[in-house]
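The values are calculated or read from the model by the stated rules, or taken from the named source; none is laboratory data. Keep in mind it's a predicted model, so treat the numbers as computed, not measured. Cβ placement follows ideal geometry from the backbone for every residue including glycine, while neighbour counts extend to all protein chains displayed. Side chains are part of the model used for accessible areas, which takes the heavy atoms of the whole protein and leaves out ligands, DNA and RNA. Shrake-Rupley method; radii C 1.70, N 1.55, O 1.52, S 1.80 Å.
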Amino acid sequence: MSKTSTNSKKTLLSGVKPTGKPHIGNYFGAMKQWVDLQNNPEFTGDKAQKFFMIADYHALNFIQNAAEMKQNIIDLALDYLAIGIDPKQSIIFKQSDISAHTELAWIFDTITTMPYLQRAHAYKDAEAKNKEISVGAFNYPMLMCADILLYDVDIVPVGQDQKQHVEYARDTAIKFNHIFGGEKDKDNNPTSPVFKLPEPMIMESVATVPGLDGRKMSKSYGNTIPLFASYDEIKKAVMSIVTDAGLGAVAADGTVSDGIPKNIYEIHKLIKPEAELKPLYEANKGKYKALKDALVEDLEAFIKPMRERRALLAQDNDLVMQVLADGASRARMQAEKRLAAAKQAVGVSF
Ligand code: ADP
Ligand code: TRP
């Protein structure tokens, strides 16, 4: 444990960008773990610190419309509450409320090289698509490093695609500690590191939830099942799941269909045990309409309680503002301590 660190409790932090309606890929890949961790006996109540952030400054790279941004932030806060994040046990806050995030990101920028950021998957993908990349998008991982390192985080529960970003946070902590950590021990490690090294936590079984077309489910592919979908939205989405032509059909690559539609099954198994699903799919080989109907009903049974809870929470106009104000004041206290330690370490404060 670092000398400068004041926090001895286990800490976890995660967040998503308020860029549109979350889908079941976000939920099973990341957000469900948040709730499971919060309710896990090891982390529940005040046994651990749990931060769930709305990454609005990250979202600014994608949403450049004030009304849309505001609505997305409120919606995402309601989503957090509706899935079961409890503001009494966890800190729900908005990134832009804590200016230490952007301030620390600047400090990290000064010890980070361009080639290192050019290796980021998100940057490489954008470049491969010939997208014009803003400085904010290029720098995205550095702001995320600050998000994590400000809170002495041990665990970052995220989906597979965020693993590299958490590794960047580890690398950056090591680099900063090495440059500014003051005295070194006999192995050349700093004796008083400023930043703690975080670990990603990824549920391998749901690391990448497939979308309606079999690619990764993603807002940007338009292949999602929204987490709070209405019955009609669920039905529309499920009916559009891409399947092969049915039992015995021969695909262009010569493979013969076994009548088990993978794209339907992979989504179905998120919400129903495979022991129950297997007989259903065996008994309905090639009957894709029947299997889709079954998936619609199972999704509705799974989504309905959360959808109703969300509708109830949305009736209280002050709730989100209160939760975010309370979350910001609790997060700020901790973030400012760590920023002060970093400013001292680099020599700009006395
Ligand atoms: P999107 O690709 O829909 O824009 P985000 O990038 O906002 O999703 O991701 C928010 C969180 O959800 C991240 O932790 C990410 O790893 C996780 N996530 C997103 N899509 C999936 C998916 N299809 N399967 C598993 N996890 C996912
Ligand atoms: N980059 C994450 C995503 O796209 C969101 C995020 C921002 C985040 N800061 C974070 C996740 C810190 C975990 C920890 O989903």
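Residues in the stretch 129-144 that are farther than 25 Å from Met217 by Cα and under 14 Å from the mean Cα position of the chain (by Cα): 0 in all.
Any residue in the stretch 127-134 that is touching a Cys at 6+ places or on another chain (Cβ under 9 Å) and assigned by TED's automatic domain parsing to the domain that holds Ile73? For the stretch 127-134, residues touching a Cys at 6+ places or on another chain (Cβ under 9 Å) and assigned by TED's automatic domain parsing to the domain that holds Ile73: absent.
Scan the stretch 118-133 and give yes if some residue there is more than 10 Å from ligand 2 (Cβ to nearest atom) and either in contact (Cβ under 8 Å) with a residue 60 or more places away in the chain or within 15 Å of Ser14 (Cβ to Cβ) (or both), otherwise no. So far as the stretch 118-133 goes, no, none of its residues is more than 10 Å from ligand 2 (Cβ to nearest atom) and either in contact (Cβ under 8 Å) with a residue 60 or more places away in the chain or within 15 Å of Ser14 (Cβ to Cβ) (or both). The lone criterion from (1) more than 15 Å from Tyr231 (Cβ to Cβ); (2) crowded, with 16+ Cβ neighbours inside 10 Å left unmet by Glu276 is number (2). Condition first: of a type in the set (D, E, K, R) and over 20 Å from Ser220 (Cα atoms). Now tell me which residues in the stretch 113-128 satisfy that. Correct list: Arg119 only. Go over the candidates Thr224, Thr243 one by one and state the one that is among the polar types (S, T, N, Q), within 16 Å of ligand 1 (Cβ to nearest atom) and surrounded by 14 or more Cβ atoms within 10 Å (Cβ to Cβ). Unique residue meeting the criteria: Thr224. The residues of the stretch 190-207 that are in contact with a Gly (Cβ under 8 Å, 6 or more places away or on another chain) and more than 16 Å from ligand 2 (Cβ to nearest atom), listed by number, are Pro190, Thr191, Ser192, Pro193, Val194. Counting the residues of the stretch 210-269 that are touching a residue at least 12 places away in the same chain (Cβ under 8 Å) and not in a loop (DSSP other than H, G, I, E, B) gives 17. Before we move on, is Glu233 of a type in the set (Asp, Glu), open to solvent by 70 Å² or more (accessible area, probe 1.4 Å) and either within 17 Å of Asp213 (Cα to Cα) or under 23 Å from the mean Cα position of the chain (by Cα) (or both)? Criteria met by Glu233.
Conditions (1) within 16 Å of ligand 1 (Cβ to nearest atom); (2) farther than 28 Å from Ser90 by Cα; (3) not hydrophobic (A, V, I, L, M, F, W, C), marked per residue:
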| site | (1), (2), (3) |
| --- | --- |
| Lys236 | no, yes, yes |
| Gly248 | no, yes, yes |
| Asp253 | no, yes, yes |
| Ser257 | no, yes, yes |
| Leu270 | yes, no, no |
| Pro273 | no, yes, yes |
| Leu291 | no, yes, no |
| Arg310 | no, no, yes |
| Ala314 | no, no, no |
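A single member of Lys304, Lys285, Lys262, Lys292 is open to solvent by 40 Å² or more (accessible area, probe 1.4 Å), at pLDDT 95 or above and not assigned by TED's automatic domain parsing to the domain that holds Gly84, and it is Lys304. Filtered by the rule that a residue be open to solvent by 80 Å² or more (accessible area, probe 1.4 Å) and more than 8 Å from ligand 1 (Cβ to nearest atom), the stretch 209-220 gives a lone residue, Arg215. Against the test of being within 30 Å of Lys343 (Cα to Cα), among the aliphatic types (A, V, I, L, M) and near ligand 1 (Cβ under 10 Å from one of its atoms), the options Val194, Val158, Val206 yield a single qualifying residue, Val158. Among the residues of the stretch 87-126 satisfying the criterion of being surrounded by 14 or more Cβ atoms within 10 Å (Cβ to Cβ) and charged (D, E, K, R), which is nearest to Asp56 (Cα to Cα)? That would be Lys94. For the stretch 43-81, a residue qualifies if it is of a type in the set (Ser, Thr, Tyr) and either within 17 Å of His23 (Cα to Cα) or out of contact with any His (no Cβ under 9 Å at 6 or more places or on another chain) (or both), and the qualifying residues are Thr44, Tyr80. The residues in the stretch 142-182 that are open to solvent by less than 20 Å² (accessible area, probe 1.4 Å) and in contact with a strand residue (DSSP E or B) (Cβ under 7 Å, 6 or more places away or on another chain) can be counted, and the count is 11.
For the stretch 62-73, the set of residues classified as open to solvent by 50 Å² or more (accessible area, probe 1.4 Å) and under 17 Å from the mean Cα position of the chain (by Cα) consists of Phe62 only.
Among the listed residues Gly20, Gly45, Gly84, which satisfies the condition of being within 16 Å of ligand 1 (Cβ to nearest atom), at positive phi and surrounded by fewer than 20 Cβ atoms within 10 Å (Cβ to Cβ)? From the options Gly20, Gly45, Gly84, the qualifying one is Gly20.
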